[in-house]
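Q: I'd like to ask you about the structure that follows.
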Amino acid sequence: MEKLMNEDSKWDHRVSAGVADGPADCVGIDCVAAALKKMKRHKAPGLSGVVAEIIQARGDIATQWIMDSCNGIVKESCITEDWKSCVVLPIYEGKGDPMECGSYTGIK
């Protein structure tokens, strides 16, 4: 039976994890620089309106700002409310029954 998008998944309680001891690792400049290089170009911006090309064009300034922002999140253990939300649009894949949820993919 195919699962529909609006059905809730049941948790089977088979997975557990303990709390990690010690402080969280800081994000390094090399890690941020590598992630920025992997960003896909020519994609639609998110809610901020900022596209990958703008971030990549700023070079070391953007890399440092992103690293500082990420390390602030790790240090404070708090993510801004804006980063916790997104808009998901169902896009028809062009195949299958358009009345079935499985024929759609979610785009953030």
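FYI, it's all coordinate maths here, none of it is from the lab. This one's a predicted model, so the numbers in the text were calculated from it and none came from an experiment. All Cβ positions, even for glycine, are placed from backbone atoms using ideal geometry, and neighbour counts span all protein chains on display.
Q: Given H placed 1.01 Å from N in the peptide plane, which residues other than close sequence neighbours of residue 27 have an amide H under 5 Å from its amide H?
A: When sequence neighbours closer than 5 places are left aside, the close amide H contacts are 71.
Q: Please turn the phi angles of the stretch 80-92 into ³J(HN,Hα) values with the Karplus equation 6.51 cos²θ - 1.76 cosθ + 1.60 (θ = phi - 60°), one per residue in order, whole Hz, x for glycine and proline.
A: 4, 4, 4, 7, 8, 10, 7, 10, 10, 10, x, 10, 5
Q: Can I ask one more? Taking the Cα centre of the stretch 29-107 as the origin and placing charges on Cβ (Lys, Arg +1; Asp, Glu -1), which of 94, 78, 35 is farthest toward the positive end of the dipole?
A: 35
Q: I would also like to ask the following. So what is Rg over Rh here for the stretch 29-107, counting just Cα atoms and using Kirkwood for Rh? If you can, show how the numbers build up before the last one.
A: Numbers: Rg = 16.9 Å, Rh = 15.3 Å.
Reported Rg/Rh (Cα atoms, Kirkwood Rh): 1.10.
Q: Filter the trypsin sites (Lys or Arg not before Pro) in the stretch 25-62 down to the DSSP loop ones having no more than 10 other Cβ atoms within 10 Å, then list what survives. Before the final figure, lay out each step's value.
A: Numbers: sites: 37, 38, 40, 41, 43, 58; in loops: 40, 41, 43, 58.
Those satisfying the criteria are 40, 41, 43.
Q: So for 39, 67, fewest C-beta neighbours within 10 Å to most, what's the order? Please list the in-between numbers first.
A: On the way: 39 12, 67 18.
Taking fewest neighbouring Cβ atoms as first place, the list is 39, 67.
Q: Provide the net charge surrounding residue 26, with neighbours chosen by a C-beta distance below 15 Å and charges set as Lys +1, Arg +1, Asp -1, Glu -1. Working shown, then result.
A: Details: positive: 75; negative: 25, 30, 68, 76.
Charge balance in the 15 Å sphere: -3.
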